[in-house]
1. For q = 0.18 Å⁻¹, what log10 I(q)/I(0) does the stretch 2-147 give under the Debye formula with an equal point scatterer on each alpha carbon and no solvent?
2. Need the C-alpha centroid separation for the stretch 74-133 versus the stretch 18-70, integer Å.
3. Go through L41, P115, V85 and say which Cα lies farthest out towards the positive end of the charge dipole of the stretch 22-136; charges sit on Cβ, +1 for Lys and Arg, -1 for Asp and Glu.
4. Quote the convex hull volume per residue of the stretch 1-67, based on C-alpha atoms, as a whole number of Å³.
Amino acid sequence: MGDWVAEIEFDISQVTLTTGDLMAHPVEITGATMLNGTSTLLSVVAIDYDDQGGEFDLVFFDENPGAIGVPNVAVAMSDAQAEMVCGHVSITDEYSDVGAQQIATLKGLGVAMHPVNGTSLWVAPISRESQITYASGLMTVKLGLLRS
């Protein structure tokens, strides 16, 4: 059992997103759990390098969902892919303006997740903001996990 911070860089296209758009393909979080274990999501820190402060969801999967749509287009998840969802969190108005960036922090979450096989989970960001553009094309998300 142990605490761990997974740092994820999402490569976001530099086009205007709208509500429900997939911001980036799902990313694998390798080592998210111990072998045959569970991970509890304790916190999320999102760093928005473009100072947008846009609302978005992080959707977690207990196995590789493959393509759940095309970035910059509404999510197109099948029923089978939806069954792989093991949790989600929403980043809404938790942002602090720190100059040329916005940083959001969610804490006290307690979302338990267990991969189907191995030690990996997957996560994908979905926009909940209308008419937002990430000019740098990057967003960093840090996940505070308790692995057991």
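Derivation of every value follows stated rules applied to the coordinates shown; laboratory data play no part. Just so you know, these numbers come straight off a predicted model, no measurement behind them. Neighbour counts run over all protein chains shown; Cβ positions are idealised from the backbone, glycine included.
1. -1.02
2. Computed from Cα coordinates, the inter-centre distance equals 4 Å.
3. Farthest along the dipole direction, towards plus: P115.
4. In the stretch 1-67, the Cα convex hull volume per residue is 115 Å³.
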